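Read the structure below first, then the notes.
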Amino acid sequence: MSVLALQRRLTALGFDPGGIDGAIGPNTLAAINEALDRIPGAPVWKVDLPPAGVVPLDWMPWAVMTRIIFHWTAGQHKASAGDRKHYHILVEGDGKLIRGIPSIDLNDAPVKPGYAAHTLNANGDAIGTSMCGMAGAQESPFKAGPAPMTEEQWNRLVSVHVALCRRYTINVSRKTLLSHAEVQETLGIKQRGKWDVAVLPFDRSVKGARAIGDRMRAEVAARL
Ligand SMILES: [Zn+2]
């Protein structure tokens, strides 16, 4: 279905895609999600060209998800098969989106076989996103390694989180949108101490996991 046809269909069904212009913006996405939510068992409409920055709708199957935990892979800028096992959505170094192997609905609690094991004892109802990179990075003294997280990648992750928050009706807060590095302190769920999203190599003025999480939350909330 073309984007124009989809927008006409949504309008005919009484939803407001914010005009019929052939482009998927926030209003069209919201109308699609509203339609999907109001029609139980509705097929997920497929459009011809998902625009850059928006998560394809079939990557976001219906499920009750209450939280997003974001990570870095500690691997290369390209997603490996191993990386794709652990997360639902990955962002490569150049900002390209890669779908993980587990579908989001497998993490709808109780988790189903093949779910994404992204965060120790906190995978139920939680979506795992990840930025590909930070292989060989060192915390102290800081060394970014050969695949430092990029600003383009961070910005694309913000867009992914905006789409996920809309689709799953997740309100942004410290407990609902957080990095893996914040989980132990914020949720009180002990982790294995793996170093994860505690530095932004492209902006070293933001220091520590909490400040980085706050920056993500502010950027996402501003676009909801
Ligand atoms: Zn992690």
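Values computed for the structure shown
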quantity	calculated
Rounded if a/c under 1.5, otherwise prolate or oblate - the range 86-224, Cα gyration tensor axes	rounded
Distance between modelled label sites at residue 13 and residue 121, nm, 7 Å Cα→Cβ extension	4.2 nm
Under 19 Å from the Cα of residue 190 - lysines, other chains or at least 8 residues apart	175
Two-site label geometry, residue 186 and residue 223: point separation in nm, points 7 Å out along Cα→Cβ	1.7 nm
HN-Hα J in Hz across the range 55-68 - Karplus 6.51, -1.76, 1.60, θ = phi - 60°, x for Gly and Pro	6, x, 4, 6, 7, 10, x, 4, 6, 9, 10, 10, 8, 10
Reachable aspartates and glutamates, given that their alpha-carbon falls under 15 Å from the alpha-carbon of residue 78 and they are not under 8 places away in the same chain	92, 94, 152
Solution diffusion estimate, µm²/s, Stokes-Einstein, the range 82-149, Kirkwood Rh from C-alpha pairs, 4 °C, viscosity 1.567 mPa s	101 µm²/s
Ratio of the Cα radius of gyration of the range 128-188 to 2.2 N^0.38 Å, where N counts its residues	1.32
Residue (of 162, 18, 205) at the positive-pole extreme of the chain, dipole from beta-carbon charges	205
About the Cα centre, charge dipole magnitude for the chain (Lys/Arg +1, Asp/Glu -1 at Cβ), debye	360 debye
FRET efficiency, residue 139 to residue 37 (Cβ-Cβ, R0 41 Å, nearest 0.05)	0.45
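None of the figures in this text is laboratory data; all of them are computed from the coordinates on show. What you see is a predicted model; the values in this text were computed from it and never measured. Every residue, glycine among them, receives a Cβ derived from its backbone with ideal geometry; neighbour counts consider all protein chains shown.
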